[in-house]
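Colleague: Below is the structure I would like to discuss, written out as structure tokens.
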Amino acid sequence: MRLSLIRSTDQGATWSHGKPIRAAQMLFQGALDPDTGRPIRAEGVIADVAVDRSNGKLYAVWQDLRFRGVDEVAFAMSSDGGDTWTTPIKVNRTPASSNPLNQQAFLPTVHVADDGTIGVTYYDFRFNDSNPGAPTDFWIVRCKPAGATTCAISGDWVDENRLTARSFDIEQAPAARGPFGFFVGDYEGLANIGNTLIPVFVVVNDGHPENRTDVIETTVK
């Protein structure tokens, strides 16, 4: 699958025609339960994009398995209105594991604060172990372009923070209809007020089948 775009120069009144601009190739299999291999409703087809309103730079994130053979967060950027894009890099900080499925990162979002800081959020399984259940957490990693820091290499993305107060068991999430498996929803988002990033995400309420999930909002300064 390809991540492609068309362009408008008049606030969306009209759009470019002809061949779309190809930003990157998307290589994904969809997220899987790290213990059982059962699908999670995070198939990887949904990319997210953002723009720095101060300079017009474009940023895109999506799930991609090119880095370690499982879905993780790919990031690419454009400085010329989308005509050309940087080589995709991995921005999630999920550590290596003897179980490759613990290295997955999925359902990414991207946004830019007023000071140019780029934020990317995602779920991962870094705390999963041999005990029953699949502990899951939500994270944000940030990069602020400045000087030699362009955010176009993975090493620029080191400012990571855990946003879940505690891990939740994704195996207690609702089951999506069809073959899609555990479902936290495609409702994650990222916004800002000034220089403060505001993530919105879903958590599972372990042990509460009458209210399986809640939506959480927090701030990252």
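Colleague: From the phi of every residue in region 46-53, what ³J(HN,Hα) in whole Hz does the Karplus formula 6.51 cos²θ - 1.76 cosθ + 1.60 yield, where θ is phi - 60° and glycine or proline is x?
Modeller: Running phi through 6.51 cos²θ - 1.76 cosθ + 1.60 with θ = phi - 60° gives 9, 8, 10, 10, 8, 10, 7, 5 Hz.
Colleague: Ok, one more. Just the number: Rg to Rh for region 110-207, Cα atoms, Kirkwood Rh, two decimals. If you can, show how the numbers build up before the last one.
Modeller: Details: Rg = 15.8 Å, Rh = 15.1 Å.
Rounded to two decimals, Rg over Rh is 1.05.
Colleague: Still on this structure, I have one more. Could you give me the ³J(HN,Hα) list for region 214-221, computed from phi with Karplus coefficients 6.51, -1.76, 1.60 and θ = phi - 60°, whole Hz, x at Gly and Pro?
Modeller: Those phi angles translate into 9, 9, 10, 10, 9, 10, 10, 9 Hz.
Colleague: Next question, about the same structure. Could you state the orientation-averaged shadow area of the convex hull built on the Cα atoms of the chain, in nm² to one decimal?
Modeller: The number I arrive at for the chain is 13.2 nm².
Colleague: Could you derive backbone 3J(HN,Hα) for region 127-140 from the dihedral phi with the Karplus parameters 6.51, -1.76 and 1.60 (θ = phi - 60°), listing whole Hz in sequence and x where the residue is Gly or Pro?
Modeller: Each residue's phi maps through the Karplus curve to give 9, 5, 9, 7, 6, x, x, 10, x, 10, 9, 10, 9, 10 Hz.
Colleague: Given a Förster distance of 30 Å, report the FRET efficiency between residue 84 and residue 218 from their Cβ-Cβ distance, rounded to the nearest 0.05.
Modeller: Working: r = 35 Å, r/R0 = 1.17.
It comes out at approximately 0.30.
Colleague: Would you pull out the residues with amide H under 5 Å of residue 125's amide H, same chain only if 5 or more places away, H placed 1.01 Å from N?
Modeller: Result for residue 125 returns 104.
Colleague: Limiting things to C-alpha atoms, what are the Rg and the maximum Cα-Cα separation (Dmax) for region 57-128, in angstroms?
Modeller: Here Rg and the maximum Cα pair distance are 13.2, 41 Å.
Colleague: I'd like to compare 206-216, 40-50: which one has the highest average count of other Cβ atoms within 10 Å, and what's the full order after that? Walk me through the numbers on the way to the answer.
Modeller: On the way: 206-216: 11.9, 40-50: 20.0.
Packing order, densest peptide first, comes out as 40-50, 206-216.
Colleague: Applying 1/(1 + (r/R0)^6) with R0 = 35 Å to the Cβ-Cβ distance of residue 16 and residue 46, what FRET efficiency is obtained, to the nearest 0.05?
Modeller: On the way: r = 22 Å, r/R0 = 0.64.
Rounded to the nearest 0.05, the efficiency is 0.95.
Colleague: When the accessible area of the chain is split by element with a 1.4 Å probe, what percent falls to carbon and sulfur? Mind showing how you got there, number by number?
Modeller: Details: 5550 of 10660 Å².
Carbon and sulfur together cover 52 percent of it.
Colleague: Compute the signed sum of charges (Lys and Arg +1, Asp and Glu -1) over the other residues within less than 10 Å, Cβ to Cβ, of residue 204.
Modeller: Details: positive: 212; negative: 169, 171, 206, 214.
Value of the local net charge: -3.
Colleague: Stretch residue 176-residue 193 to full length: gain in nm at 0.36 nm per residue minus the Cα-Cα span?
Modeller: Working: separation 17, 0.36 × 17 = 6.12 nm, distance 3.33 nm.
Stretched out fully, the residue 176 to residue 193 stretch lengthens by 2.8 nm.
Colleague: Further question on the same structure: Between residue 127 and residue 210, what length comes free when the chain is fully extended (0.36 nm per residue of separation minus the Cα-Cα distance, one decimal in nm)? Intermediate results must be reported in sequence, preceding the final value.
Modeller: Numbers: separation 83, 0.36 × 83 = 29.88 nm, distance 2.58 nm.
Gain on extension, residue 127 to residue 210, equals 27.3 nm.
Colleague: Run the reach check for residue 144 against lysines, Cα to Cα strictly under 24 Å, same-chain hits fewer than 8 apart removed. What comes back?
Modeller: Hits, sequence-local ones excluded: 57, 90, 221.
Colleague: Roughly speaking, what is the centre-to-centre gap between region 23-87 and region 188-221 when only Cα atoms are used, to the nearest Å?
Modeller: That distance is 21 Å.
Colleague: Below 8 Å between Cα atoms, with a sequence gap of 6+, how large is the relative contact order for the chain in percent?
Modeller: Working: 548 pairs, mean separation 32.6, N = 221.
Once divided by the residue count of the chain, the mean separation gives 15 percent.
Colleague: Hey, rough spin-label estimate for residue 152 and residue 29, points 7 angstrom out along Cα→Cβ, what's it come to in nanometres?
Modeller: It works out to 3.2 nm between the two label points.
The values are calculated or read from the model by the stated rules, or taken from the named source; none is laboratory data. All figures in this text were calculated on a predicted structure; none of them were measured in a lab. Here the Cβ is made from the backbone with ideal geometry for all residues, glycine too, and neighbour counts use every protein chain on show. We work out accessible area using only protein heavy atoms, side chains counted, and drop any ligands, DNA or RNA first. Shrake-Rupley method; radii C 1.70, N 1.55, O 1.52, S 1.80 Å.
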